[in-house]
Amino acid sequence: MTAERCREWRESLGAHALGQLPAEERAALEAHLEGCADCRAELESLAGVARLMPLADPERFGTAPTPPPALADRVAATISAERRTERRRRVRFGLALGGATAAVAVAVLALFILPGGGGDTPEQHVSFNSLPPGMEIGAVLEPHAFGTEIHVYVKGARSGSLCRVFLRDPSGNRLPAGSFRYRWGDDSQAILSSALDLSRTAAIGIRVGDRTFTAPVNPPDA
Amino acid sequence: MPPGALSRERDVREAYAAHAGELYGFAVRSLGDSGLAEEAVQETFLRAWRAGERFDPQIGSLRTWLFAILRNVVIDLGRARASRPRLADGGVEPAVEPLDDALLAWQVEEAMRRIGEQHRRVLVETYYRGRPYSEVAEELGVPEGTVKSRVYYGLRALRVALEEIGYDG
């Protein structure tokens, strides 16, 4: 059997690949290699490994350095912060777009950021039009198993204004979704929730001080 | 959302648990500084998270993808370091190894850590320290033929370990 016949030669192949074989043994092995394709292939494979060896530093063969335990927490915190920033950016992004463009953006963004567990309704970016000069309001509605999560972004209202958010179902019933106080210079985003399913949400409204603004959700042409 | 995408914070935690050790090891090896290496690993996971939807397990493993990101991060950190003002009064800049060599070096070192102690020992003594087989055999109290055979099986084990690590040369 080939393997049996080659066994003795095989064990010299390592030394040969590393250039450690004395001249006499090397000559004998090379004579064998002439007629043995299996041993030649094995030598070539070991030589590939041997060629990498000069790159390594034997001082580093001991224990591998391990990352400090705190690094895991820092990475998790960085990602969490990134996730929050990303949400805020998305709300502002929705705000900056007009109705028709927003519908397209919703369709595109929904491919990437649809949260789990909310049925087939994609996330909705809502723009409020007809606002007083200097004022901006935007909202992103996310479908969830519990109902709808509402991210509201307000800018340019009077500091300290009470903002009350509600959703409207297809029959026109108004369902309060919570309130927050707008503070100038503060993080002007609030995250609220409602038991009303996003698929059954016809409109979102926000009462800022004594003025009420509403915007349609799930418009028929979206 | 494609299955296996790195799109939830939980996915990132799992990827960290599975691969951060190796990534950090390579970062330390190529940057030569544990603080910079931590920065590199953190940046790698952040970029992976941002590009999570683009990861396609059909194309390659998560590990390979993370290493590709880390490689870019290391290049960026290396550039940032190179653009810093040079040390005054003839201070010596550390020699920077080409990155692909650093990756290969790290792979060989990691493979060496994975093979058995007997195999590693003969490779270190005969190859890296250039000692004669007879001397190593005497020190280990084994016949010279055994040293030769351990060199052979050591190289084979190294080859397997390199394949496990992802070396495909």
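The values are calculated or read from the model by the stated rules, or taken from the named source; none is laboratory data. None of the values given here were measured: they were computed from a predicted structure. With ideal geometry, Cβ positions are generated from the backbone for all residues, glycine too; neighbour counts draw on all protein chains shown.
On the stretch given as the stretch B:106-158, residues that are more than 8 Å from chain A (Cβ to nearest Cβ), more than 28 Å from B:A37 (Cβ to Cβ) and in a helix (DSSP H, G or I) total 16.
When you check B:W106 against the structure, is it at pLDDT below 95, among the aromatic types (F, W, Y) and within 18 Å of A:E59 (Cβ to Cβ), yes or no? Spell out how you get there, then give the answer.
Values: at pLDDT below 95: yes; among the aromatic types (F, W, Y): yes; within 18 Å of A:E59 (Cβ to Cβ): yes.
Considered against the rule, which asks whether it is at pLDDT below 95, among the aromatic types (F, W, Y) and within 18 Å of A:E59 (Cβ to Cβ), B:W106 comes out as yes.
Of all the residues in the stretch A:18-54, those that are polar (S, T, N, Q) and outside any helix (DSSP H, G or I) number 1.
Select from the stretch A:156-171 the residues that are closer than 29 Å to A:F146 by Cα and surrounded by fewer than 12 Cβ atoms within 10 Å (Cβ to Cβ) and write down the one among them that is nearest to the chain's Cα centre (by Cα). Residue satisfying both the conditions and the ranking: A:P170.
So which of A:R174, A:R183, A:R200 is under 24 Å from A:T85 (Cα atoms), surrounded by fewer than 19 Cβ atoms within 10 Å (Cβ to Cβ), in the same structural domain as A:P133 (by TED's automatic domain parsing) and not hydrophobic (A, V, I, L, M, F, W, C)?
Details: A:R174 fails: under 24 Å from A:T85 (Cα atoms); A:R200 fails: under 24 Å from A:T85 (Cα atoms).
Step by step, each of A:R174, A:R183, A:R200 is checked, and only A:R183 is under 24 Å from A:T85 (Cα atoms), surrounded by fewer than 19 Cβ atoms within 10 Å (Cβ to Cβ), in the same structural domain as A:P133 (by TED's automatic domain parsing) and not hydrophobic (A, V, I, L, M, F, W, C).
If the condition is being more than 14 Å from every other protein chain (Cβ to nearest Cβ) and not in a helix (DSSP H, G or I), then the stretch B:34-83 contributes B:D56, B:P57, B:Q58, B:I59, B:G60, B:S61, B:S83. Of everything in the stretch B:1-33 that is free of Cβ contacts under 8 Å to residues at least 40 places away in the same chain, more than 7 Å from chain A (Cβ to nearest Cβ) and closer than 16 Å to A:A72 by Cβ, the residue that is farthest from the chain's Cα centre (by Cα) is B:R10. For the residues A:I150, A:I113, the requirement of being in the same structural domain as A:R207 (by TED's automatic domain parsing) and at pLDDT 85 or above singles out A:I150.
Any residue at all in the stretch A:22-31 that is surrounded by 13 or more Cβ atoms within 10 Å (Cβ to Cβ) and either in contact (Cβ under 8 Å) with a residue 24 or more places away in the chain or facing another protein chain (nearest Cβ under 7 Å) (or both)? The answer is no, given that none of the residues of the stretch A:22-31 is surrounded by 13 or more Cβ atoms within 10 Å (Cβ to Cβ) and either in contact (Cβ under 8 Å) with a residue 24 or more places away in the chain or facing another protein chain (nearest Cβ under 7 Å) (or both).
Condition check ((1) assigned to a strand (DSSP E or B); (2) at pLDDT below 80; (3) among the charged types (D, E, K, R)) across all residues:
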| site | (1), (2), (3) |
| --- | --- |
| A:V91 | no, yes, no |
| A:L95 | no, yes, no |
| A:L109 | no, yes, no |
| A:G118 | no, yes, no |
| A:S159 | no, no, no |
| A:W184 | no, yes, no |
| A:I191 | yes, no, no |
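Restricting B:R156, B:R150 to those that are touching a residue at least 24 places away in the same chain (Cβ under 8 Å) and of a type in the set (K, R) reduces the list to B:R150. Can you find a residue in the stretch B:56-72 that is modelled with pLDDT under 85, surrounded by 12 or more Cβ atoms within 10 Å (Cβ to Cβ) and hydrophobic (A, V, I, L, M, F, W, C)? No; the residues of the stretch B:56-72 include none that is modelled with pLDDT under 85, surrounded by 12 or more Cβ atoms within 10 Å (Cβ to Cβ) and hydrophobic (A, V, I, L, M, F, W, C).
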